[in-house]
Amino acid sequence: MLARAPGRLLPGSPRSRVAPQAIVCALALAFAAGAPRADSTAAGDALGGGPGANQLLVERKYRITAREVTYDLERRRAHAEGDAVLTYEGQELQFRADVIDADLEAGTIAAAGNVRLQQGQNRLDAGAVNYDLEHRTGALEQAHGQVQGIYFTAPFLRATPKQLVLSNGSFTTCERSPPDYHVTAGEIIVRPGDRIISRKSAVWFKGHRLVTLPTFGVSLRKRQRQRATALAPIGGYSRRDGAFAGEHYTILPSAPAAVELDARYTTRRGIRAFGRGEFYPRWGVVSVGAGRREDLTASDLGLFAPAEPIRDLTLDRLPEIAVASDVVPLAEWGTATARIAAGRYFELPSRVRASRAAADLYFEGRAICRIKGMSVRSLAGVRGAWYDTGQHRGAFAYGLAAESQPSDHFAVRVGYIERGGSGAGPFVFDAIDISRELELGLSSRLGAHWRTEILARHDLARGTFPVLNIAVIRVAHCLEYGVTWRKVGGEFGLHIGLAQTGQLKAPGW
């Protein structure tokens, strides 16, 4: 049985950006297998007199409008042609195309001609889309869009629940058309909220190929600055190293893994290097690292990190293995993450060498209150560390963090942390020597081409500022040229990298 009705366009919505993972989840929910069958009564209501005659409602959750709409009640198939729009109201998900065919029985949808998938401020455009909603996989032809400020295009794109895979495509963070720089690759993997991975890559600037790389990666994690393979060596001078030059490179051997290498040649301390391999099972991250004279400021100790920069310490990891969970939601209370790390370490200048195992549990509460655009959250963490010397050390931390972004050009973060601990251990870096700390982070744009960042940590017990980091950044041709100064180590540095995308993030934990 076929039902046919004239259609009408839904009101247009503003052009926006894509979040493929959210779209995939919404599609899976919208057309999940086993949804109730539409009966002739529901279809009759939808196609009856009055305003509903201009559109088709299926199972009271989907709205289909077009110049011409047909629906097969027995086979549960809908066909819309001419400025077709399919909207799933439960997730505010919308398909726009010249032609849309939806098979609710098989759980598939096909759209052709000027296709746009839109959800809120997220957008993905393509020439044609075929999607298996049961397995949450699909194929798109002539696709283009943007993810978290990353613009991409490809003649063919494969979608899965957690990533997009582009064949012979390109991407850039540059909003200009044409972009000042872009990266072409035989394969590009887009993992929303995680990273961009490209293989057999070439970096282009103003139409000229700068360099060819086996792999190229950019982080998309919200609480991290985007970190990509350095476009040029990092240089500078510090009290500990003297003059130095360094490089960061990301190797991505397979989709669920990555290898990051950091190397620095120093005139005073020789070669410093650190490498980490990471694997991404469904439940978290497994990493294996090894280094030679790695700075403790890069050891990612979370709430306990402020104890590190006070001292000019370096640390060899020989090697270390760590396992971390994904963020675990705790109902309405907030989120939690856990991490276990073990390895053998050599600390300088104390020259202590010992094996160590540590376990962390970190909790971040939901916003306690929101006042004039500022949100306040609670933070808490505990850590236990065990050594082959027979010693044990425990630590805890708790506090509040307030964040505000009154405009797209200014962000501020203020944090207060209380720390405590018990026991003893052989390493200085495990000690808790800041009992009460106030942190201030500022990030602001100064006109169209300049940005500055300031991070200051105040030891309330001693009345000192053990940490003060200042960065002044010039943005030109969608690249960043930065000058940085850090109080710890008296380090002055220069770097060139990709311009920061999206809203400003205030520096902090």
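Descriptive notes on the structure:
- Here the stretch 243-289 is the region considered, the condition is being surrounded by fewer than 18 Cβ atoms within 10 Å (Cβ to Cβ), of a type in the set (D, E, K, R) and over 30 Å from VAL328 (Cβ atoms), and the residue that is modelled with the highest pLDDT is ARG268.
- Which numbered condition ARG474 fails, given (1) farther than 18 Å from ILE417 by Cβ; (2) at pLDDT below 90: (2)
- Annotation note: of VAL376, VAL414, the sole residue that is within 21 Å of LEU303 (Cβ to Cβ), surrounded by 15 or more Cβ atoms within 10 Å (Cβ to Cβ) and touching a Cys at 6+ places or on another chain (Cβ under 7 Å) is VAL376.
- Summed over the stretch 61-72, residues that are surrounded by fewer than 18 Cβ atoms within 10 Å (Cβ to Cβ) and outside any strand (DSSP E or B) total 2.
- Residues in the stretch 173-192 that are loosely packed, with under 14 Cβ neighbours inside 10 Å and in contact (Cβ under 8 Å) with a residue 60 or more places away in the chain: GLU175, ARG176.
- All of (1) within 20 Å of the chain's Cα centre (by Cα); (2) modelled with pLDDT of 75 or more hold for SER238 with one exception: (1).
- Qualifying residue in the stretch 153-163 (condition: of a type outside the set (S, T, N, Q) and assigned to a loop (DSSP other than H, G, I, E, B)): yes
- Residues (in contact with a Gly (Cβ under 7 Å, 6 or more places away or on another chain) and not aromatic (Phe, Trp, Tyr)) located in the stretch 263-284: ALA263, ARG264, THR266, THR267, ARG268, ALA273, GLY275, ARG276
- Any chance SER422 is assigned to a strand (DSSP E or B), touching a residue at least 12 places away in the same chain (Cβ under 8 Å) and more than 30 Å from ARG344 (Cα to Cα): no
- Candidates ARG413, ARG445, ARG474, ARG462: the one that is in a strand (DSSP E or B) and out of contact with any His (no Cβ under 8 Å at 6 or more places or on another chain) is ARG413.
- The residues on offer are GLU141, GLU175, and the sole one that is closer than 29 Å to PHE205 by Cα, out of contact with any Lys or Arg (no Cβ under 6 Å at 6 or more places or on another chain) and not assigned by TED's automatic domain parsing to the domain that holds THR212 is GLU141.
- Among the residues of the stretch 336-381, those that are hydroxyl-bearing (Ser, Thr, Tyr) and within 30 Å of GLU294 (Cβ to Cβ) comprise THR337, TYR345, SER350, SER355, TYR362.
- Residue in the stretch 79-95 that is outside the structural domain of THR160 (by TED's automatic domain parsing), buried (at least 20 other Cβ atoms within 10 Å of the Cβ), at pLDDT 80 or above and aromatic (Phe, Trp, Tyr) present: yes
The values are calculated or read from the model by the stated rules, or taken from the named source; none is laboratory data. Just so you know, these numbers come straight off a predicted model, no measurement behind them. Note that each Cβ is placed from the backbone with ideal geometry, even for glycine, and that neighbours are counted across all protein chains shown.
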